[in-house]
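A.B. asks: Below is one structure. I have some questions about it.
Since every read-out is calculated from the coordinates, none of them should be taken as a lab result. Note that the structure is predicted; figures quoted are calculated from it, not measured. A quick note on method: Cβ atoms are made from the backbone with ideal geometry, for glycine too, and the neighbour counts reach across all protein chains shown.
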């Protein structure tokens, strides 16, 4: 009777599992750590060869684990989704007279919070009514349906209303386009001040024009170049010490 024997060796295959230390769906700018088990040798499709990697981008992450003594392998994968941040728009800057209100409107998200809340009728809606006492920059922070956050700012400029009780008045809009009509900013009055000192600033407080004895001849230029259309702010000082402040608009329509 003849018999034979054989030895069968069963090689142990590693068992690989990827775990995340946070959400696998998150907002742009966030990240999550992915950790693979079952090592000791790891090979990720990102090129990494360690057990834990930090990921910030959307995609499918795959790891292959190898048992070096046997050469057996196992793999696992995990999908990561990354949401874009909301594009929040707080609207254009506005100019109001003291005591007036400006309607704010933010778009691009689902929930809103405005700061500072001074002068607002409601700081937690998309369209609060703003009645600031002074020029104020409002910041709106908004959250979309994915929980991602975006922000924007808007400035409400507050200026003193023109002095309608005084004989000296000022053009609030002029059109320096060279057509011969309303091409310069003028001080109009029944009785003009004998000598008026004029200073004009842009919305950032930069002085763009000054004249110690203004003669109604400014054409809306700065250093010989045309200023862009928009709102500017003037200060006029008279020989009697009276000071007038207000807003003027350049509108060439070019």
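A.B. asks: Which percent of Cα-Cα pairs in the stretch 94-159 sits in each 10 Å bin, short to long?
C.D. replies: 24, 52, 20, 4, 0
A.B. asks: Now, a different point. Counting pairs of alpha carbon atoms under 8 Å apart in space and at least six apart in sequence, what relative contact order in percent does the chain give?
C.D. replies: 12 percent
A.B. asks: What span do the alpha-carbon atoms of the stretch 89-233 cover on each of the three principal axes, reported in whole Å from largest to smallest?
C.D. replies: 61, 35, 24
A.B. asks: Follow-up. For 235, 65, what's the fewest-to-most ordering of other Cβ within 10 Å of each Cβ?
C.D. replies: Working: 235 15, 65 24.
If I rank by nearby Cβ atoms, fewest first, I get 235, 65.
A.B. asks: While we're here: Mind giving me the FRET efficiency for residue 122 and residue 153? R0 is 25 Å, r the Cβ-Cβ distance, nearest 0.05 is fine.
C.D. replies: For R0 = 25 Å, the calculated efficiency reads 0.85.
A.B. asks: For the stretch 173-250, I need the span (max minus min coordinate) of the C-alpha atoms along each principal axis, in Å, sorted largest to smallest.
C.D. replies: So the three principal-axis extents are 33, 30, 19 Å.
A.B. asks: Cα-Cα pairs above 21 Å in the stretch 17-83: how many percent?
C.D. replies: So the portion of pairs separated by more than 21 Å is 23 percent.
A.B. asks: Okay, next question. Which value in Å does the Kirkwood hydrodynamic radius of the chain take, with 1/r averaged over all unlike C-alpha pairs and then inverted?
C.D. replies: Taking the inverse mean of 1/r over all distinct Cα pairs, the chain comes out at 24.5 Å.
A.B. asks: With each pseudo-label sitting 7 Å past Cα toward Cβ, what's the residue 160-residue 69 distance in nm, one decimal?
C.D. replies: 8.9 nm
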